[in-house]
Amino acid sequence: MLRTLSALCFILTATTAFRVSAQVYPYRDGTPGVTGYRSEVMAEVMIQESEFVRLAEAIPPDKYTWRPSADVRTIAEVFLHASAANYNLYKLVGTPTPAGVDTKTLEQSTTDKARIIATLKASYAHAKAAIRAMPDSDLEKILDWNGGKITERGVLLYIVQHIAQHLGQQIAYARSVGVVPPWTTDPPRKN
(Lines give C-alpha, C1' and ligand atoms only; values in the text may rest on other atoms or scores of the structure.)
Protein backbone atom coordinates (compact mmCIF):
# COMPACT_ATOMS: atom_id res chain seq x y z
CA MET A 1 0.00 0.00 0.00
CA LEU A 2 2.80 2.41 0.93
CA ARG A 3 4.58 1.63 -2.36
CA THR A 4 1.41 2.33 -4.31
CA LEU A 5 0.87 5.61 -2.49
CA SER A 6 4.51 6.59 -3.04
CA ALA A 7 4.22 5.77 -6.74
CA LEU A 8 1.03 7.80 -7.06
CA CYS A 9 2.67 10.77 -5.32
CA PHE A 10 5.65 10.53 -7.68
CA ILE A 11 3.38 10.42 -10.74
CA LEU A 12 1.35 13.37 -9.48
CA THR A 13 4.50 15.37 -8.78
CA ALA A 14 6.01 14.50 -12.17
CA THR A 15 2.87 15.39 -14.13
CA THR A 16 2.40 18.62 -12.20
CA ALA A 17 6.02 19.56 -12.89
CA PHE A 18 5.54 18.76 -16.58
CA ARG A 19 2.35 20.80 -16.72
CA VAL A 20 4.01 23.80 -15.13
CA SER A 21 6.98 23.55 -17.47
CA ALA A 22 4.62 23.39 -20.45
CA GLN A 23 3.27 26.87 -19.75
CA VAL A 24 4.50 29.65 -22.01
CA TYR A 25 4.85 33.21 -20.73
CA PRO A 26 6.39 35.25 -23.57
CA TYR A 27 5.23 38.59 -22.18
CA ARG A 28 7.16 37.84 -18.99
CA ASP A 29 10.00 35.70 -20.34
CA GLY A 30 10.57 37.57 -23.57
CA THR A 31 10.66 36.77 -27.25
CA PRO A 32 14.25 36.07 -28.28
CA GLY A 33 15.42 37.71 -31.46
CA VAL A 34 12.70 40.34 -31.84
CA THR A 35 11.55 43.59 -30.25
CA GLY A 36 8.72 46.06 -30.69
CA TYR A 37 5.67 45.07 -32.70
CA ARG A 38 7.27 41.86 -33.96
CA SER A 39 7.86 40.87 -30.32
CA GLU A 40 4.15 41.28 -29.59
CA VAL A 41 3.25 39.17 -32.62
CA MET A 42 5.87 36.58 -31.62
CA ALA A 43 4.37 36.39 -28.12
CA GLU A 44 0.94 35.58 -29.54
CA VAL A 45 2.43 33.03 -31.95
CA MET A 46 4.30 31.35 -29.08
CA ILE A 47 1.12 31.14 -26.99
CA GLN A 48 -0.89 29.77 -29.92
CA GLU A 49 1.80 27.18 -30.63
CA SER A 50 1.81 26.04 -27.01
CA GLU A 51 -1.97 25.72 -26.92
CA PHE A 52 -2.23 23.97 -30.30
CA VAL A 53 0.49 21.46 -29.44
CA ARG A 54 -0.82 20.81 -25.93
CA LEU A 55 -4.32 20.30 -27.31
CA ALA A 56 -3.01 17.98 -30.05
CA GLU A 57 -1.20 15.95 -27.40
CA ALA A 58 -4.32 15.75 -25.20
CA ILE A 59 -6.71 14.51 -27.89
CA PRO A 60 -6.73 10.71 -28.22
CA PRO A 61 -5.52 9.41 -31.61
CA ASP A 62 -8.86 7.74 -32.36
CA LYS A 63 -10.57 11.17 -32.23
CA TYR A 64 -8.40 12.75 -34.94
CA THR A 65 -10.90 11.72 -37.64
CA TRP A 66 -13.88 13.12 -35.72
CA ARG A 67 -15.85 16.01 -37.20
CA PRO A 68 -19.08 17.57 -35.94
CA SER A 69 -20.73 17.21 -39.36
CA ALA A 70 -19.84 15.92 -42.81
CA ASP A 71 -19.31 19.39 -44.30
CA VAL A 72 -16.51 20.58 -41.98
CA ARG A 73 -12.89 19.67 -41.24
CA THR A 74 -11.90 16.83 -38.94
CA ILE A 75 -9.76 17.41 -35.88
CA ALA A 76 -6.71 16.29 -37.89
CA GLU A 77 -7.61 18.58 -40.78
CA VAL A 78 -7.94 21.64 -38.51
CA PHE A 79 -4.47 21.05 -37.05
CA LEU A 80 -3.05 20.61 -40.55
CA HIS A 81 -4.96 23.62 -41.91
CA ALA A 82 -3.39 25.81 -39.21
CA SER A 83 0.01 24.34 -40.11
CA ALA A 84 -0.53 25.09 -43.81
CA ALA A 85 -1.50 28.66 -42.92
CA ASN A 86 1.74 29.04 -40.96
CA TYR A 87 3.60 28.14 -44.14
CA ASN A 88 1.41 29.96 -46.68
CA LEU A 89 0.73 33.26 -44.97
CA TYR A 90 4.31 34.08 -44.05
CA LYS A 91 5.15 34.05 -47.76
CA LEU A 92 3.38 37.41 -47.82
CA VAL A 93 6.09 38.92 -45.60
CA GLY A 94 9.00 37.39 -47.46
CA THR A 95 9.53 33.89 -46.07
CA PRO A 96 8.91 31.21 -48.69
CA THR A 97 7.41 27.83 -47.88
CA PRO A 98 10.20 25.29 -47.33
CA ALA A 99 10.99 22.90 -50.16
CA GLY A 100 9.09 19.66 -49.77
CA VAL A 101 6.09 21.21 -47.99
CA ASP A 102 2.99 21.05 -50.20
CA THR A 103 0.44 23.29 -48.53
CA LYS A 104 -2.23 22.32 -51.07
CA THR A 105 -2.24 18.70 -49.89
CA LEU A 106 -1.08 19.15 -46.28
CA GLU A 107 -4.57 19.31 -44.80
CA GLN A 108 -5.44 15.85 -46.15
CA SER A 109 -1.95 14.32 -45.74
CA THR A 110 -2.36 12.29 -42.55
CA THR A 111 -4.48 11.42 -39.55
CA ASP A 112 -1.49 10.11 -37.60
CA LYS A 113 -1.28 11.98 -34.28
CA ALA A 114 2.53 11.93 -34.03
CA ARG A 115 2.97 13.21 -37.60
CA ILE A 116 0.39 15.95 -37.03
CA ILE A 117 2.12 17.13 -33.85
CA ALA A 118 5.48 17.12 -35.67
CA THR A 119 3.91 19.10 -38.54
CA LEU A 120 2.44 21.65 -36.11
CA LYS A 121 5.79 22.11 -34.39
CA ALA A 122 7.64 22.49 -37.71
CA SER A 123 5.09 25.02 -38.98
CA TYR A 124 5.48 27.09 -35.83
CA ALA A 125 9.28 26.96 -36.11
CA HIS A 126 8.81 28.32 -39.64
CA ALA A 127 6.44 31.06 -38.43
CA LYS A 128 8.81 32.18 -35.67
CA ALA A 129 11.77 32.20 -38.08
CA ALA A 130 9.72 34.33 -40.50
CA ILE A 131 8.95 36.86 -37.77
CA ARG A 132 12.62 37.00 -36.73
CA ALA A 133 13.76 37.45 -40.37
CA MET A 134 11.36 40.27 -41.11
CA PRO A 135 13.01 43.68 -40.68
CA ASP A 136 11.13 46.29 -38.64
CA SER A 137 11.52 48.63 -41.61
CA ASP A 138 9.19 46.35 -43.63
CA LEU A 139 6.28 46.67 -41.19
CA GLU A 140 4.91 49.71 -43.03
CA LYS A 141 5.55 48.24 -46.49
CA ILE A 142 2.26 48.22 -48.44
CA LEU A 143 1.09 45.11 -50.28
CA ASP A 144 -1.85 44.35 -52.56
CA TRP A 145 -4.44 42.45 -50.55
CA ASN A 146 -7.74 41.00 -51.75
CA GLY A 147 -8.39 43.87 -54.11
CA GLY A 148 -7.11 46.48 -51.67
CA LYS A 149 -3.98 47.36 -49.74
CA ILE A 150 -2.46 46.21 -46.44
CA THR A 151 0.82 46.75 -44.65
CA GLU A 152 3.07 43.88 -43.63
CA ARG A 153 2.14 44.85 -40.05
CA GLY A 154 -1.48 44.17 -41.04
CA VAL A 155 -0.53 40.82 -42.57
CA LEU A 156 1.00 39.75 -39.24
CA LEU A 157 -2.16 40.85 -37.45
CA TYR A 158 -4.26 38.90 -39.95
CA ILE A 159 -2.16 35.75 -39.46
CA VAL A 160 -2.52 35.88 -35.67
CA GLN A 161 -6.29 36.33 -35.75
CA HIS A 162 -6.74 33.71 -38.50
CA ILE A 163 -4.89 31.08 -36.49
CA ALA A 164 -6.76 32.13 -33.32
CA GLN A 165 -10.05 31.37 -35.07
CA HIS A 166 -8.87 27.83 -35.77
CA LEU A 167 -7.61 27.42 -32.23
CA GLY A 168 -11.10 28.33 -31.02
CA GLN A 169 -12.59 25.86 -33.48
CA GLN A 170 -10.24 23.16 -32.19
CA ILE A 171 -11.10 23.94 -28.57
CA ALA A 172 -14.79 23.45 -29.40
CA TYR A 173 -13.99 20.18 -31.20
CA ALA A 174 -11.90 18.97 -28.27
CA ARG A 175 -14.64 19.72 -25.77
CA SER A 176 -17.13 17.93 -28.04
CA VAL A 177 -15.07 14.74 -27.75
CA GLY A 178 -14.60 15.13 -23.99
CA VAL A 179 -11.13 16.71 -23.92
CA VAL A 180 -10.57 19.69 -21.64
CA PRO A 181 -7.93 22.11 -22.98
CA PRO A 182 -4.88 21.33 -20.81
CA TRP A 183 -3.94 24.93 -20.06
CA THR A 184 -7.30 25.49 -18.35
CA THR A 185 -6.08 23.36 -15.44
CA ASP A 186 -2.65 25.05 -15.16
CA PRO A 187 -1.90 26.78 -11.88
CA PRO A 188 -2.70 30.50 -11.99
CA ARG A 189 0.00 32.71 -13.48
CA LYS A 190 1.87 34.90 -11.08
CA ASN A 191 2.29 38.48 -12.23
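Report yes if residue 124 is under 15 Å from the mean Cα position of the chain (by Cα) and either over 13 Å from residue 52 (Cβ atoms) or surrounded by 15 or more Cβ atoms within 10 Å (Cβ to Cβ) (or both), otherwise no. Write out each step before concluding.
Working: under 15 Å from the mean Cα position of the chain (by Cα): yes; either over 13 Å from residue 52 (Cβ atoms) or surrounded by 15 or more Cβ atoms within 10 Å (Cβ to Cβ) (or both): yes.
Taking the combined requirement at face value, the residue satisfies it.
Taking segment 152-171, which residues are touching a residue at least 24 places away in the same chain (Cβ under 8 Å) and open to solvent by 50 Å² or more (accessible area, probe 1.4 Å)? Let's see the steps before the verdict.
Of segment 152-171, the ones touching a residue at least 24 places away in the same chain (Cβ under 8 Å) are 152-153, 155-160, 162-164, 166-167, 169-171.
Within segment 152-171, 153, 157, 158 meet the criteria.
Would you check which residues across segment 18-29 are part of a loop (DSSP other than H, G, I, E, B) and either open to solvent by 30 Å² or more (accessible area, probe 1.4 Å) or modelled with pLDDT of 90 or more (or both) and list them? Before you say what the answer is, go through the steps one by one.
Within segment 18-29, the subset part of a loop (DSSP other than H, G, I, E, B) is 23-25.
If the condition is that a residue be part of a loop (DSSP other than H, G, I, E, B) and either open to solvent by 30 Å² or more (accessible area, probe 1.4 Å) or modelled with pLDDT of 90 or more (or both), then 24, 25 are the ones that fit.
Quick check on my filter: what residues within segment 36-65 are open to solvent by 70 Å² or more (accessible area, probe 1.4 Å) and either polar (S, T, N, Q) or farther than 29 Å from residue 157 by Cβ (or both)? Walk me through it before giving the result.
Taking segment 36-65 and keeping what is open to solvent by 70 Å² or more (accessible area, probe 1.4 Å), we get 40, 57, 61-62, 65.
61, 62, 65 - these are the residues of segment 36-65 that are open to solvent by 70 Å² or more (accessible area, probe 1.4 Å) and either polar (S, T, N, Q) or farther than 29 Å from residue 157 by Cβ (or both).
State all residues of segment 112-137 that are modelled with pLDDT of 95 or more, in a helix (DSSP H, G or I) and either on the phi > 0 side of the Ramachandran plot or not small (Gly, Ala, Ser) (or both); if no residue qualifies, say none.
Those that are modelled with pLDDT of 95 or more, in a helix (DSSP H, G or I) and either on the phi > 0 side of the Ramachandran plot or not small (Gly, Ala, Ser) (or both): 113, 115, 116, 117, 119, 120, 121, 124, 126, 128, 131, 132.
Assuming residue 119 fulfils every condition listed in (1) in contact (Cβ under 8 Å) with a residue 60 or more places away in the chain; (2) in contact with a Ser or Thr (Cβ under 6 Å, 6 or more places away or on another chain) apart from one, which condition is it?
Here residue 119 meets the rest and fails (1).
Which count do you get for residues in segment 67-83 that are out of contact with any His (no Cβ under 7 Å at 6 or more places or on another chain), open to solvent by 10 Å² or more (accessible area, probe 1.4 Å) and within 26 Å of residue 132 (Cβ to Cβ)?
Qualifying residue count for the region: 0.
Quick one: is residue 149 free of Cβ contacts under 8 Å to residues at least 24 places away in the same chain and in a helix (DSSP H, G or I)? Spell out how you get there, then give the answer.
Values: free of Cβ contacts under 8 Å to residues at least 24 places away in the same chain: yes; in a helix (DSSP H, G or I): no.
Answer is no for this residue.
For segment 175-189, does any single residue satisfy the condition of being buried (at least 16 other Cβ atoms within 10 Å of the Cβ) and more than 27 Å from residue 29 (Cα to Cα)?
Step one: of segment 175-189, the residues buried (at least 16 other Cβ atoms within 10 Å of the Cβ) are 179, 181-183.
Then keep just the ones that are more than 27 Å from residue 29 (Cα to Cα); that gives 179.
The answer is yes; a qualifying residue exists.
The values are calculated or read from the model by the stated rules, or taken from the named source; none is laboratory data. For clarity, every value in this text was computed on a predicted model and none was experimentally measured. Cβ sites come from the backbone with ideal geometry, for glycine too, and all protein chains shown count toward neighbours. Surface areas here come from the heavy atoms of the whole protein model, side chains and all, with no ligands, DNA or RNA. Shrake-Rupley method; radii C 1.70, N 1.55, O 1.52, S 1.80 Å.
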